[in-house]
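Below you'll find the structure, written out as structure tokens, and then a few comments.
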Amino acid sequence: MNNIKIKMTNIAKVFETDELETHALKNIDLVIREGDYVSISGPSGCGKSTLLSILGLLDMPSSGEYFIEDINVTDFSLDQAAEIRSSKIGFIFQSFNLIDELSVFDNVALPLRYSKEKISDDYIQQRVTECLALVDMTHRASHKPNQLSGGQQQRIAIARALVAKPAILLVDEPTGNLDSKSGDQVMSVLEKLNKSGTTICMVTHDPRYADMATTQLKLLDGCILTTPSFVTVGEKEAV
């Protein structure tokens, strides 16, 4: 599959204070195609979280260009970024970010119910049920998140991220709050989703999980460690 989902060219991010200038990212070139599974790893402070924030339009680069499905989002306003984020990007967070007062079904349905487009109740029922089935959690649809284990909550968070059919899933330390068994189960779900065609970009500190991705990118001091100057995910792997 050659359909480009993400393209970054010469991305840099600089944080400035009155006394200090910190170069969090430097000269990041990155292409992610449909169906790729990318892991981003590296030591604390290397720029992983900053890169994921820019990928998810939670922050903007200081320089360079960023395209999501051929849309140049580099200079988008906050409102424009929010619109693209809700329609093109699915987020999976370390802390799950589920709402305990809502059922599992209603948590997964949230992105559809808050969509700018009017979505029918029948479609919401169908799509939420499909996504719960993908993560083997259909039997928990009426439960509340606080009635579930951490691994089950993360699977619900994955279903919620999938429900709006995003161009890419951005995954931030998905096993950080889980024991090793639950973490392995969540990673197995992500691997299954990727094999069925879901495009994934994941930040993880765990080398075992980073190695599960088809392409592993390693960051150090804000730079991708790689042999060529331009990383094309799915064709050339970082070293």
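Values quoted throughout were computed directly from the atomic coordinates according to the rules given, and no laboratory measurement underlies them. Model, not experiment: these values are computed from the prediction. Ideal geometry is used to build each Cβ from the backbone, glycine not excepted, and the neighbour counts take in all protein chains shown.
Between the alpha-carbon centres of the range 89-103 and the range 33-68 there is a gap of 20 Å. If we count every other residue with Cβ under 12 angstrom of Met212's Cβ, Lys/Arg +1 and Asp/Glu -1, where does the sum land? Value of the local net charge: -1.
Inter-part distance, the range 153-226 to the range 3-23, computed on C-alpha centroids, equals 22 Å.
The Kirkwood radius of the chain, taken over pairs of alpha-carbon atoms, gives through the Stokes-Einstein law at 4 °C and 1.567 mPa s a diffusion coefficient of 71 µm² s⁻¹. Among the trypsin sites (Lys or Arg not before Pro) within the range 106-188, those in coil by DSSP and having at most 14 neighbouring Cβ atoms inside 10 Å are Lys116, Lys118.
Listed values for the range 83-97 are Karplus-derived 3J(HN,Hα) couplings in whole Hz (6.51 cos²θ - 1.76 cosθ + 1.60, θ = phi - 60°), namely 5, 5, 4, 6, 9, 10, 10, x, 9, 10, 9, 4, 9, 6, 6, and x replaces Gly and Pro. Rounded, prolate or oblate: which one fits the range 36-166, using the alpha carbon gyration tensor with axes a ≥ b ≥ c (rounded when a/c is under 1.5, else prolate when a/b beats b/c, else oblate)? Since a/c reaches 1.5 but b/c is at least a/b, the shape of the range 36-166 is classed as oblate. Rounded, prolate or oblate: pick one for the range 1-67, where a ≥ b ≥ c are the square roots of the eigenvalues of its C-alpha gyration tensor, a/c under 1.5 means rounded, and failing that, prolate if a/b is larger than b/c, else oblate. Verdict is prolate for the range 1-67.
Remark: relative contact order (the range 10-113) = 22 percent; criterion is Cα-Cα distance under 8 angstrom and separation of 6 or more residues. Only DSSP H runs of four or more residues enter the estimate; each adds -39500 (n - 2.57), and after division by the residues of the chain the mean residue ellipticity at 222 nm equals -9500 deg cm²/dmol. A simple spin-label model places the labels of Thr74 and Asn27 1.7 nm from each other, with each point 7 Å out along Cα-to-Cβ. Is the C-alpha gyration tensor of the range 82-133 telling us rounded, prolate or oblate? Criteria: a/c under 1.5 is rounded; beyond that, a/b larger than b/c is prolate, otherwise oblate. Here the range 82-133 falls in the oblate category. Counting Lys and Arg as +1 and Asp and Glu as -1 over every other residue whose Cβ lies under 9 Å from the Cβ of Thr9, the net charge comes to -1.
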